[in-house]
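The structure under discussion appears below in the form of structure tokens.
The values are calculated or read from the model by the stated rules, or taken from the named source; none is laboratory data. The shown structure was predicted, so the numbers you read here are calculated from the model rather than taken from an experiment. Heads up, the Cβs are rebuilt from the backbone with ideal geometry, glycines too, and the neighbour counts pull from every protein chain shown.
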Amino acid sequence: MILNKKQGKIMEACIQRWVQEGYIDEETAGKLRKTYQISAARKAAFDWKNLSLIAFFFSIICIVLATTMLIADKWLMALLDALIDTSDTLKTLFFALLAGALYYWANLRKKKYPKQVFSNEALFMFGAVSIAFALTYLNFVLGLEKGDFPILILLATLIFGCVGVYLHSSLTWYLALLALTLWFGTETGYRSGWDTHFLGMNYPLRFSFFGLFLVSLSFLFNRFGRTKQFVRSTFAAGLIGLLLSFWLLSIFGNHGDLDTWASVGQWHFLFWAILLGVVSVGLIYYGLKKEDKIARELGIIFLLLNIYTRYFEYFWDNLHKVLFFIILAISFWIIGKKAENFWNLTEKG
């Protein structure tokens with residue numbers, strides 16, 4: 001039996017414990033030790049899975065950027081119109097059917113080659129690109145360029161969400177969350193006449209409620225079989241949105257204008273800094289108690305971000321810069337030392 005270094009330590013500890021408590025003798029312990037060996041090569045092996053994930057991730061990012069630039073570029077859209085010389089209605093139908101065919105092919109390939117996760121998900125990405133083109137031409141058909149165009153973003157959210165749930169595509173679900181976030185921002189902006197405030201709330205305050213909504217949605221998803229696989233991604237997206245909104249509120253408050261914000265002292269936003277600290281500590285506690293890695297790590301990250309943001313706000317103008325950076329360096333060293341100790345404990349465990 002081939003074990004890695006950590007597994008070998010656990011096995012040796014078990015054997016020694018059995019000998020000490022009299023369950024086995026030294027002769028039996030020696031026989032047990034001969035049944036396994038520790039492989040150093042396994043630990044040093046190149047992680048091809050991570051390389052594949054990174055490569056496909058950047059491929060997908062490039063596809064999204066290329067699609068966005070193509071849709072935004074009037075000359076390229078005119079060229080595409082010339083290549084596909086037909087009405088916008090037929091173009092909408094063409095790209096919608098193409099998306100359906102791509103999703104169908106991606107689903108068949110996923111069933112045939114279940115281990116090729118990243119390449120299968122990339123095919124779902126091409127289906128999403130076709131949906132983007134279909135909705136772009138539908139926008140032209142309905143004449144919504146300067147009207148209620150956020151409704152089409154909501155339609156994209158519903159399409160990506162349904163495809164993600166019924167075809168079990170994690171990538172498409174991430175796109176659904178991204179589209180939903182974009183819809184919320186544009187819809188509230190459109191309803192307020194593109195003012196900085198909607199119902200008295202600026203964008204960070206609005207998105208704090210949106211993040212809370214996603215977190216609540218993730219707990220609801222845990223009750224249904226089809227949506228269970230998206231619980232963690234939705235939970236993480238909601239927490240990031242919530243914490244990031246609180247952090248921005250701790251800097252800018254509910255102001256939407258830089259001139260009015262600059263005339264107000266930072267202590268006016270102390271409530272949001274305290275709230276962010278309380279939520280971060282609560283997440284750390286929850287993460288430790290429930291063994292929730294996402295909650296624990298996000299809590300630690302935003303607690304540190306909150307502390308260092310306040311440090312820069314309150315001491316940048318009041319401390320000599322040499323002393324300022326010395327204190328900063330010492331604090332980073334202490335954090336690094338504590339993190340190293342925790343890492344060593346984890347390795348021993």
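Here are some notes:
- Flag if Thr188 is modelled with pLDDT of 90 or more and in contact with a strand residue (DSSP E or B) (Cβ under 6 Å, 6 or more places away or on another chain): yes
- Residue match in the range 260-269 (condition: outside the structural domain of Ala106 (by TED's automatic domain parsing), buried (at least 18 other Cβ atoms within 10 Å of the Cβ), among the hydrophobic types (A, V, I, L, M, F, W, C) and touching a Ser or Thr at 6+ places or on another chain (Cβ under 7 Å)): yes
Table: residues versus (1) buried (at least 16 other Cβ atoms within 10 Å of the Cβ); (2) under 23 Å from Gln229 (Cα atoms); (3) at pLDDT 90 or above.
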| residue | (1), (2), (3) |
| --- | --- |
| Phe118 | yes, yes, no |
| Phe133 | yes, no, no |
| Leu155 | yes, yes, yes |
| Phe184 | yes, no, yes |
| Phe207 | yes, no, yes |
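- Some residue of the range 178-193 being of a type in the set (Val, Ile, Thr), assigned to a helix (DSSP H, G or I), in the same structural domain as Val117 (by TED's automatic domain parsing) and touching a residue at least 24 places away in the same chain (Cβ under 8 Å): yes
- Test for Ser245: is it free of Cβ contacts under 8 Å to residues at least 12 places away in the same chain and more than 16 Å from Ser170 (Cα to Cα): no
- Tabulated pairs, the range 118-134, first β-branched (Val, Ile, Thr), second part of a helix (DSSP H, G or I) and at pLDDT 85 or above, C-beta under 7 angstrom, 6+ apart or interchain: Ile131/Ala99; Ile131/Ala156; Ile131/Ile159
- Inter-residue pairs, beta-carbon under 7 Å, first surrounded by 12 or more Cβ atoms within 10 Å (Cβ to Cβ) and in the range 305-332, second of a type in the set (A, V, I, L, M), 6+ apart: Asn306/Ala273; Asn306/Leu276; Thr309/Ile251; Arg310/Ala273
- Only one of the listed residues (Leu276, Leu298, Leu283) is surrounded by 14 or more Cβ atoms within 10 Å (Cβ to Cβ) and either within 29 Å of Asp195 (Cα to Cα) or outside the structural domain of Phe235 (by TED's automatic domain parsing) (or both). That residue is Leu276.
- Hey, Phe224 outside any helix (DSSP H, G or I), of a type in the set (A, V, I, L, M, F, W, C) and surrounded by fewer than 16 Cβ atoms within 10 Å (Cβ to Cβ) or not: yes
- Scanning the range 32-53 for residues that are modelled with pLDDT of 70 or more and exposed (fewer than 10 other Cβ atoms within 10 Å of the Cβ) gives Lys34, Thr35.
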